[in-house]
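Questions regarding the structure given below will be posed in turn.
The values are calculated or read from the model by the stated rules, or taken from the named source; none is laboratory data. Given the structure is predicted, the values throughout are model-derived calculations rather than measurements. Here Cβ is always computed from backbone atoms with ideal geometry, including for glycine, and neighbour counts include all displayed protein chains.
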């Protein structure tokens, strides 16, 4: 997660040095699609965590931490997917 944040930070710094806008229409659209995809995937992820909660030997607070971390990872992966792989579908 930290690597993903650093990657985005370096991209924005590079854009700033090249006098490009921080957010253009395509960046906003990619972010919106990534957020929508990660939202739906996160719902299914939490559902799976609830279904297998009794079989997982973790404390409830640790399980919530795993869920939040999973949501962040899903958001990063969905952003990467929409940024690099789904451009032909726009």
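Just a yes or no: is a residue in segment 28-36 surrounded by 12 or more Cβ atoms within 10 Å (Cβ to Cβ) and without any contact (Cβ under 8 Å) to a residue 24 or more places away in the chain? Write out each step before concluding.
Pass one, segment 28-36, residues surrounded by 12 or more Cβ atoms within 10 Å (Cβ to Cβ): 29-31, 33-36.
Still in the running and without any contact (Cβ under 8 Å) to a residue 24 or more places away in the chain: 36.
So far as segment 28-36 goes, yes, one or more of its residues are surrounded by 12 or more Cβ atoms within 10 Å (Cβ to Cβ) and without any contact (Cβ under 8 Å) to a residue 24 or more places away in the chain.
Within segment 64-78, is there a residue that is loosely packed, with under 15 Cβ neighbours inside 10 Å and not in a helix (DSSP H, G or I)?
Scanning segment 64-78 turns up no residue that is loosely packed, with under 15 Cβ neighbours inside 10 Å and not in a helix (DSSP H, G or I).
Take the residues of segment 12-27 that are exposed (fewer than 12 other Cβ atoms within 10 Å of the Cβ) and assigned to a helix (DSSP H, G or I): which is farthest from the chain's Cα centre (by Cα)?
By that ranking, first place goes to 17.
Also, quick follow-up: Counting only residues that are outside any helix (DSSP H, G or I) and loosely packed, with under 11 Cβ neighbours inside 10 Å, which one in segment 37-55 is modelled with the lowest pLDDT?
Taking the candidates together, the pick is 54.
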